[in-house]
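Colleague: What follows is a structure written as structure tokens; I'll ask about it next.
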Amino acid sequence: MLCVIAMIDPGARERLAALRRKAEARTERTGELYGHITLATYVGDEEERFIASCRGLISGRRAFAVRYARIEPLPATGILVASPEKNGVLLALHEEIAAAWRGSLDRWTGDADWKPHTTLIHNPCGDLQVIAAALEEAFVPFTARVERIEFSRVEEDGYTIVDGIDLPKE
């Protein structure tokens, strides 16, 4: 699997990390916050061609804003997330990649049901609704900047960044 991920700016990552720390007080620690939004997850066997195609779709794009609007559980995957609004450049990039690679993307990123998010915690056995409600009290919607797009290969014991594109600042 190869993921195309939109990396958010350091200040936004720290805001989400602070929320994560509040969530961890109610669950087991689950590692560090990476601070990204997955645009697409490629499951085909032509990674180099996929990366080249995505590079073409991303070419000419500038750094862009996303607005984190809510905290919510995604029970199907056992995660609690911060969700940005599904619009603007973020949505356009996803739609372009999905249109070009529809048959080769996983079920979570290959269609209109794509749910952009940044994972705060993974806890399939915990009560994510209760944790979400507690975090909602501390959450204030905010704007983050996407300044880099990375290509991350999922490995058995983690991931490897295989390529990346720094987006010019506006």
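The values are calculated or read from the model by the stated rules, or taken from the named source; none is laboratory data. This is a predicted model, so every value here is computed, not measured. All Cβ positions, even for glycine, are placed from backbone atoms using ideal geometry, and neighbour counts span all protein chains on display. The accessibility values were calculated without ligands, DNA or RNA, using every heavy atom of the protein model including side chains. Shrake-Rupley method; radii C 1.70, N 1.55, O 1.52, S 1.80 Å.
Colleague: Can you find, among C125, T143, G158, the residue farthest towards the positive end of the dipole of segment 116-166? Put +1 on the C-beta of Lys and Arg, -1 on that of Asp and Glu.
Modeller: Positive-most Cα among the choices belongs to T143.
Colleague: Averaged per residue, what accessible area in Å² does the chain show with a 1.4 Å probe, protein chains only? Present the calculation step by step, with values, prior to reporting the outcome.
Modeller: Working: 8660 Å² over 170 residues.
Normalised by residue count, the accessible surface of the chain is 51 Å².
Colleague: Report which label in [x] 0.98; [y] 1.20; [z] 0.96 holds the value of Rg/Rh (Cα atoms, Kirkwood Rh) derived from the coordinates of this structure.
Modeller: This structure yields the entry labelled [z].
Colleague: Carbon and sulfur atoms: what percent of the 1.4 Å accessible area of segment 50-170 do they account for? All intermediate terms of the calculation are to be shown ahead of the outcome.
Modeller: Numbers: 3070 of 6080 Å².
Roughly 51 percent, rounded to a whole number.
Colleague: Once you have a ≥ b ≥ c as the square roots of the Cα gyration tensor eigenvalues for segment 105-152, tell me rounded if a/c is under 1.5, and otherwise prolate or oblate according to whether a/b is larger than b/c.
Modeller: Here segment 105-152 falls in the oblate category.
Colleague: May I ask for the angle, rounded to the nearest 10°, between helix 88-101 and the longest principal axis of the chain, with both axes built from Cα atoms and the value confined to 0 to 90°?
Modeller: 50 degrees
Colleague: For a protection proxy built on the mean count of beta-carbon atoms within 10 angstrom, sort 108-117, 80-89 highest first, please.
Modeller: On the way: 108-117: 16.0, 80-89: 19.5.
Highest-to-lowest ranking by the protection proxy: 80-89, 108-117.
Colleague: Separate question: In terms of solvent-accessible area of protein heavy atoms at a 1.4 angstrom probe, what is the ranking of D9, D45, highest value first? If you can, show how the numbers build up before the last one.
Modeller: Working: D9 25, D45 140 Å².
Final ranking, largest accessible area leading: D45, D9.
Colleague: To continue, here is another question. Taking θ as phi - 60°, what are the ³J(HN,Hα) couplings along segment 16-23 by the Karplus curve (6.51, -1.76, 1.60), each to the nearest whole Hz, with x for Gly and Pro?
Modeller: 6, 5, 5, 5, 4, 4, 5, 5
Colleague: Sticking with this structure for a sec: Which residue, R148, R20, R49, has the most motion in a Gaussian network model of the chain that connects Cα atoms within less than 10 Å?
Modeller: Greatest mean-square fluctuation among the candidates belongs to R49.
Colleague: Can you tell me which of T143, T119, T77 moves the most in a GNM of the chain? Springs connect C-alpha atoms under 10 Å apart.
Modeller: T77
Colleague: For H122, H94, give me the order by solvent-accessible area with a 1.4 Å probe, most accessible first, ignoring ligands, DNA and RNA. Intermediate values should be presented prior to the final figure.
Modeller: Details: H122 95, H94 10 Å².
Descending accessible area places them as H122, H94.
Colleague: Name the residues whose placed amide hydrogens come within less than 5 Å of the amide hydrogen of L167, ignoring near sequence neighbours (fewer than 5 apart) on the same chain.
Modeller: R148, I149
Colleague: Would you work out the charge dipole size for the chain about its Cα centre, treating the Cβ of every Lys and Arg as +1 and the Cβ of every Asp and Glu as -1, and quote it to the nearest 20 debye? Intermediate values should be presented prior to the final figure.
Modeller: Numbers: 21 positive and 27 negative charges, 125 e Å.
That gives the chain a dipole magnitude of about 600 debye.
Colleague: Before anything else, pin down the relative contact order of segment 106-170: Cα pairs under 8 Å, at least 6 apart, normalised by residue count, whole percent. Intermediate values should be presented prior to the final figure.
Modeller: On the way: 35 pairs, mean separation 12.9, N = 65.
So the answer I get is 20 percent.
Colleague: Additional query: Quick one: angle between helix 128-138 and the longest Cα principal axis of the chain, in degrees between 0 and 90, rounded to 10, please.
Modeller: Once rounded, the angle reads 80 degrees.
Colleague: When the dipole is taken about the Cα centre of segment 41-134, and only Lys, Arg (+1) and Asp, Glu (-1) are charged at their Cβ, what size is it in debye, to the nearest 20?
Modeller: Working: 10 positive and 12 negative charges, 80 e Å.
Dipole of segment 41-134, to the nearest 20 debye: 380 debye.
Colleague: May I pose another question? Among A65, A76, A134, whose mean-square fluctuation peaks in a Gaussian network model of the chain (Cα, cutoff 10 Å)?
Modeller: Judging by the Gaussian network model, the answer is A76.
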